[in-house]
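Enquirer: One structure, as structure tokens, below. Some questions next.
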Amino acid sequence: VILFSDLLGPVEEILKALRHLRHRKTEVIIFHILSPEEIRFPFSSPATFVGLEGEGRVHADPEGIREIYLKEFQGFLEACRRGCLEHGIDYCLCETSEPLDGALIRYLARREALG
């Protein structure tokens, strides 16, 4: 199973579903697709952030929340990566700014190097 997803949601629930597939001896590969803005939070002016999955709107000063956001987001990424690793699930973080074929080539090269 190859999954292309932002994995945004309760990490433990997502990992539970993926573990179920691994328990059935299914090979699972995750391409974790995120925008560069989500990863680096480059915003500087006060803005309204809109949740794309029904979370609503949040008015914020990015300068005031950047450090906390980046810390929380890095924790989220690490939980996804570590959870996949612990259950034998291949994990590949991809940015939407990278062409998909580049991400696939990078993944396949890493997989070949590991044997």
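The values are calculated or read from the model by the stated rules, or taken from the named source; none is laboratory data. Since the model is a prediction, treat every value here as computed from it, not as a measurement. Backbone-built Cβ (ideal geometry, glycine too); neighbour counts: all protein chains shown. Ligands, DNA and RNA are stripped out before the accessible areas are found, and what is left, the full protein with its side chains, is counted by its heavy atoms. Shrake-Rupley method; radii C 1.70, N 1.55, O 1.52, S 1.80 Å.
Enquirer: So how much slack lies between HIS87 and PHE73, counting 0.36 nm per residue of separation and subtracting their Cα-Cα distance, in nm?
Expert: Contour length minus Cα-Cα distance gives 2.9 nm.
Enquirer: What list of ³J(HN,Hα) values in whole Hz, one per residue of the stretch 102-115 in order, does the Karplus curve 6.51 cos²θ - 1.76 cosθ + 1.60 (θ = phi - 60°) give from phi, with Gly and Pro shown as x?
Expert: Residue by residue, the stretch 102-115 yields x, 5, 5, 4, 4, 4, 5, 5, 5, 5, 5, 5, 7, x Hz.
Enquirer: Quick one: dipole size for the chain, taken about the Cα centre, charges +1 on Lys/Arg Cβ and -1 on Asp/Glu Cβ, in debye to the nearest 20.
Expert: The calculation lands at about 560 debye.
Enquirer: Would you kindly derive the ³J(HN,Hα) couplings of the stretch 47-61 from the backbone phi angles with the Karplus curve 6.51 cos²θ - 1.76 cosθ + 1.60 (θ = phi - 60°), listing them in order in whole Hz, with x for Gly and Pro?
Expert: Coupling constants for the stretch 47-61: 8, 9, 9, 10, x, 7, 10, x, 7, x, 10, 10, 8, 8, 9 Hz.
Enquirer: In terms of modelled amide H atoms, which long-range or inter-chain residues lie less than 5 Å from the amide H of THR96?
Expert: Residues meeting the amide H criterion: LEU34, SER35.
Enquirer: Pulled fully out, how much extra length does the chain show between GLU27 and ILE39, if you take 0.36 nm times their separation in residues and subtract their Cα-Cα distance?
Expert: Extending this stretch completely gives an extra 1.6 nm.
Enquirer: DSSP beta bridges in the stretch 14-115, what fraction antiparallel, as a percent rounded to 5?
Expert: Of those bridges, close to 40 percent are antiparallel.
Enquirer: For TYR91, enumerate residues with amide H under 5 Å from its amide H, sequence gap 5+ or separate chain, H modeled in the peptide plane.
Expert: Excluding prolines and chain starts, which carry no amide H, the hits are ILE30.
Enquirer: Could you derive backbone 3J(HN,Hα) for the stretch 83-98 from the dihedral phi with the Karplus parameters 6.51, -1.76 and 1.60 (θ = phi - 60°), listing whole Hz in sequence and x where the residue is Gly or Pro?
Expert: x, 5, 4, 4, 10, x, 9, 5, 10, 9, 7, 10, 9, 5, 6, 9
Enquirer: How much accessible area does ARG19 have with a 1.4 Å probe, in Å² rounded to the nearest 10?
Expert: 70
Enquirer: Here is a further query. With unit charges on the beta carbon (Lys/Arg positive, Asp/Glu negative), name the residue among ILE105, LEU18, ALA60 whose Cα is farthest towards the positive pole of the charge dipole of the chain.
Expert: Selected residue: LEU18.
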